[in-house]
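Written below as structure tokens is the structure these notes are about.
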There are 2 protein chains.
Amino acid sequence: MKPSPLPDSRASAAKAPDADRLIKLVRLCFQRLRAAGDTLHADLGISASLRAALETLYELGEDTVPEIARAKSVSRQHIQKIVDALLPLGHVTARANPGHRRSPLIALTAKGRRLFETMRQREAGVVAALAKRLDGAELAAALRTLAILAESLPPRSKGESDDE
Amino acid sequence: MKPSPLPDSRASAAKAPDADRLIKLVRLCFQRLRAAGDTLHADLGISASLRAALETLYELGEDTVPEIARAKSVSRQHIQKIVDALLPLGHVTARANPGHRRSPLIALTAKGRRLFETMRQREAGVVAALAKRLDGAELAAALRTLAILAESLPPRSKGESDDE
DNA sequence: GCGACATTGACAATATTGTTGTCAATTAGC
DNA sequence: GCTAATTGACAACAATATTGTCAATGTCGC
């Protein structure tokens, strides 16, 4: 064995089985994360898709429905329904959009922000327990590896078009 | 900075943001993997759930419907519908179960096996391209990290019961 | 401005994936 | 053998997300 200083591109045949395992593990982790999230927030009546919308608004600030849809790569009609569900609950508001009469700006209300922060706090408990079990360097390597995986996969592939 | 020799359990507060990023990346990778898989196998008419059933049968060999359901933690009725869809396509067969008259053993046919292997070959191309871009040591670290993540999450949490 | 074209919200229909519920046949445990 | 649980068949439903359509609005070239 020579300790190859290069990012061993020769050994790709040997790495392929591990790459395969990586993909399987990603799928397994995702399923369990979703199940854990559903359990964690069951009492709040917030499903995974509502949570995703809240998260987007929390991070992006106010935005129009089509913008959120594009950010998440889903149909604008789908986001519209989610926002329509969130509005009567008082978690988001629609503010007149100075730059567009028909497309109001959607933003979290104080109530919506509190809700999301409650969810984040619950999740933080789980994440902290997880972080304790992880090695820092290995975790960093995992982040780099998954970033490459995400990068090497196309962001979309549904007919390759952007809209209807 | 002290170069801590221990698997730094002290720095969990510092690792939590990375653990958070890990979870987000897992979600992102999963979404893209599903989209890429759908595109890759679009012409075969095999959806992600059918693929999962084929994979289970490929790995576990012949099994009854309820067994497959338990292996995948989904309702037996769901697997029943998938198997019922696969049977007329000739991808699986139902063989009389010596140990159970009502519950036949389901197995891949030669055609089903060929189909799954075709899918695996297509995927192998993508996986090989990915493997080339990954560093072996980093990949190994990612596998260990994700294994801990999966382990620390409960396998199920749907009312905590096993069946109806 | 004005005319063509794209975007947007509202509404509807549909697809997919998965669940729960029920019933009769069968199997397993005592 | 009697009772429990399991199983397949069938149905109803729920959640998530898609596509299609229409009229109102907005954008851009000219």
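The values are calculated or read from the model by the stated rules, or taken from the named source; none is laboratory data. Small disclaimer: the values here were computed from a predicted structure and weren't measured. Cβ placement follows ideal geometry from the backbone for every residue including glycine, while neighbour counts extend to all protein chains displayed.
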_Lone unmet requirement of (1) modelled with pLDDT under 95; (2) in a helix (DSSP H, G or I) for B:Arg156_ = (2)
*Residues of segment A:48-69 satisfying the condition of being surrounded by fewer than 15 Cβ atoms within 10 Å (Cβ to Cβ), part of a helix (DSSP H, G or I) and away from DNA strand D (no atom under 11 Å from the Cβ)*: A:Glu59, A:Leu60
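Would you check if there is a residue in segment B:11-19 being within 30 Å of A:Arg120 (Cα to Cα) and in a loop (DSSP other than H, G, I, E, B)? Explain how you work it out, then say what you get.
To start, the set of residues in segment B:11-19 that are within 30 Å of A:Arg120 (Cα to Cα) comprises B:11-19.
Filter once more, so that each one left must be in a loop (DSSP other than H, G, I, E, B): B:11.
Looking for residues that are within 30 Å of A:Arg120 (Cα to Cα) and in a loop (DSSP other than H, G, I, E, B), one finds at least one in segment B:11-19, hence yes.
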*Among (1) more than 7 Å from chain B (Cβ to nearest Cβ); (2) without any contact (Cβ under 8 Å) to a residue 12 or more places away in the chain; (3) more than 21 Å from A:Ala42 (Cβ to Cβ), which single condition is A:Ser103 missing?*
(2)
*Name every residue in segment B:19-48 that is touching a helix residue (DSSP H, G or I) at 6+ places or on another chain (Cβ under 9 Å) and more than 7 Å from every other protein chain (Cβ to nearest Cβ), in order of residue number.*
B:Gln31, B:Arg34, B:Gly37, B:Asp38, B:Leu40, B:His41, B:Leu44, B:Gly45, B:Ile46, B:Ser47, B:Ala48
*asked:* Among the residues that make up segment A:123-143, is at least one of them within 16 Å of DNA strand D (Cβ to nearest atom), buried (at least 18 other Cβ atoms within 10 Å of the Cβ) and in a helix (DSSP H, G or I)?
replied: no
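Can you tell me which of A:Leu22, A:Leu33, A:Leu28, A:Leu50 is under 16 Å from B:Arg27 (Cβ atoms) and either within 12 Å of DNA strand C (Cβ to nearest atom) or modelled with pLDDT of 95 or more (or both)?
Exactly one of A:Leu22, A:Leu33, A:Leu28, A:Leu50 is under 16 Å from B:Arg27 (Cβ atoms) and either within 12 Å of DNA strand C (Cβ to nearest atom) or modelled with pLDDT of 95 or more (or both), namely A:Leu22.
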*asked:* Against the condition within 22 Å of A:Cys29 (Cα to Cα) and either surrounded by 17 or more Cβ atoms within 10 Å (Cβ to Cβ) or within 9 Å of chain A (Cβ to nearest Cβ) (or both), how does B:Ile79 come out, does it pass?
replied: yes
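Regarding A:Ala85, is this residue within 24 Å of B:Leu33 (Cβ to Cβ) and near DNA strand D (Cβ under 9 Å from one of its atoms)? Spell out how you get there, then give the answer.
Numbers: within 24 Å of B:Leu33 (Cβ to Cβ): no; near DNA strand D (Cβ under 9 Å from one of its atoms): yes.
Here the answer is no, as A:Ala85 does not meet what is asked.
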_Unmet requirement for B:Glu62, which otherwise passes all of (1) under 27 Å from A:Leu153 (Cβ atoms); (2) in contact with a Leu (Cβ under 6 Å, 6 or more places away or on another chain); (3) among the acidic types (Asp, Glu)_ = (1)
